[in-house]
Amino acid sequence: MLEYMFLELGFGFRVALKEIFAIMPLDIYGVKQLYLDYLRQERLYRATKGRKGRSLILLNNGTAFVSSLTTDELNKKVREEKWIKRGLEESGT
């Protein structure tokens, strides 16, 4: 069931939960450097629609997304998706 669960990054961008490797705040120097590396290597997608990026989401396939949502907001969404998954599994759906 987890393969069908997605994390909403904002503005219609979604990522499969099973593909997420890490979610990091973009206001830390080391994370900014990582962001610049992904940008230079053209493996970065912006899910911000021109707004300030607040989180960097790394995927298992070597690409990354920038989201205007904070890491706390994204983590809350992950927890909600996992609760939904658990409820579906318990109901047998």
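Observations
- Among the conditions (1) in contact with a helix residue (DSSP H, G or I) (Cβ under 9 Å, 6 or more places away or on another chain); (2) surrounded by fewer than 12 Cβ atoms within 10 Å (Cβ to Cβ), the only one that M24 does not satisfy is (2).
- Residue within the stretch 48-62 that is within 15 Å of A16 (Cα to Cα), touching a helix residue (DSSP H, G or I) at 6+ places or on another chain (Cβ under 7 Å) and among the small types (G, A, S) present: no
- Candidate set from the stretch 9-21 (those that are over 20 Å from K85 (Cβ atoms) and small (G, A, S)); member that is nearest to the chain's Cα centre (by Cα): G10
- Some residue of the stretch 20-41 being touching a Lys or Arg at 6+ places or on another chain (Cβ under 9 Å) and either among the basic types (K, R) or touching a residue at least 60 places away in the same chain (Cβ under 8 Å) (or both): no
- Matching option when the condition is at pLDDT below 95 and either touching a strand residue (DSSP E or B) at 6+ places or on another chain (Cβ under 9 Å) or of a type in the set (A, V, I, L, M) (or both), among K77, K32: K77
- Just so you know, in the stretch 31-57 the residues that are closer than 19 Å to F11 by Cβ and β-branched (V, I, T) include one that is surrounded by the most Cβ atoms within 10 Å (Cβ to Cβ), and it is I57.
The values are calculated or read from the model by the stated rules, or taken from the named source; none is laboratory data. Everything quoted here is computed from the prediction, not taken from an experiment. Ideal geometry is used to build each Cβ from the backbone, glycine not excepted, and the neighbour counts take in all protein chains shown.
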